[in-house]
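The structure appears right after this line, and notes come after that.
The values are calculated or read from the model by the stated rules, or taken from the named source; none is laboratory data. Just so we're clear, the structure is a prediction, and the values are computed from it rather than from any experiment. Virtual Cβ from ideal backbone geometry, glycine too; neighbours counted across all protein chains shown.
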């Protein structure tokens with residue numbers, strides 16, 4: 001069976017797709033459980049509102065990539081209306097760090113791009129200095145958490161923003177990256193990141209802690225000033241991931257439009 005195309009988040013440039021070269025085969029819940037019992041591990045999981053596999057049904061489906069030693073297996077389970085559906089399966093693995101989630105464009109609210117250039121943070125707010133060390137990212141200053149769970153791929157590098165924490169004087173975005181075809185240095189992280197909201201306000205962004213395990217990077221980004229009440233969309237753009245082990249890093253951009261509660 002050839003590779004598959006899975007719908008990805010809609011951005012201002014259109015509705016991109018994610019191309020998978022791995023051969024997925026149609027399976028069942030029984031097939032998945034048998035593999036798990038037999039010692040296979042779920043390496044990644046994708047959800048698509050529309051299954052675009054050639055010859056397959058055009059219906060919602062969950063795509064599983066499994067590994068055991070050097071072996072690899074790829075299954076997709078189509079929504080069949082039964083008690084254990086693809087949504088139930090995703091709920092089981094939702095908090096697992098190896099699960100990559102896709103959000104369809106229809107789940108994102110419409111937004112308009114301001115005609116004037118974004119206003120720098122010094123014009124409309126206050127950035128704690130020295131930034132980002134002066135940010136108070138602690139439970140007492142936490143104003144709320146936004147579940148993002150958006151994923152985008154660019155030239156074999158998959159980037160996901162999982163959540164956005166809003167604090168009294170800034171914010172923190174958590175991201176995951178998987179780049180099986182690239183080698184990164186030990187200090188590799190998301191770089192050249194910018195954030196702009198729907199009110200035309202630009203934010204300062206800096207890299208915080210990060211953890212690298214092989215081709216997988218987990219990290220967070222500091223954002224300041226604090227997102228003001230009334231903002232309904234924050235667009236986080238990551239321009240580069242790196243540096244690479246043998247030179248420049250992986251160029252993006254990976255764009256994540258994050259809906260916000262204007263009342264928060």
_surrounded by 14 or more Cβ atoms within 10 Å (Cβ to Cβ), at pLDDT below 85 and not assigned by TED's automatic domain parsing to the domain that holds residue 177: is that true of residue 56 in this structure?_
yes
Just one listed residue, out of 68, 13, is modelled with pLDDT of 70 or more, surrounded by fewer than 17 Cβ atoms within 10 Å (Cβ to Cβ) and touching a strand residue (DSSP E or B) at 6+ places or on another chain (Cβ under 9 Å), and it is 68
Checked 251, 180 against criteria (assigned by TED's automatic domain parsing to the domain that holds residue 133, in contact with a strand residue (DSSP E or B) (Cβ under 6 Å, 6 or more places away or on another chain) and modelled with pLDDT under 85); the one match is 251
Checked 226, 134, 206 against criteria (within 23 Å of residue 252 (Cβ to Cβ) and assigned by TED's automatic domain parsing to the domain that holds residue 255); the one match is 206
Among strands (runs of 3 or more DSSP E) entirely within segment 122-216, at least 2 residues that are in contact with a helix residue (DSSP H, G or I) (Cβ under 9 Å, 6 or more places away or on another chain) and in contact (Cβ under 8 Å) with a residue 12 or more places away in the chain occur in 202-213
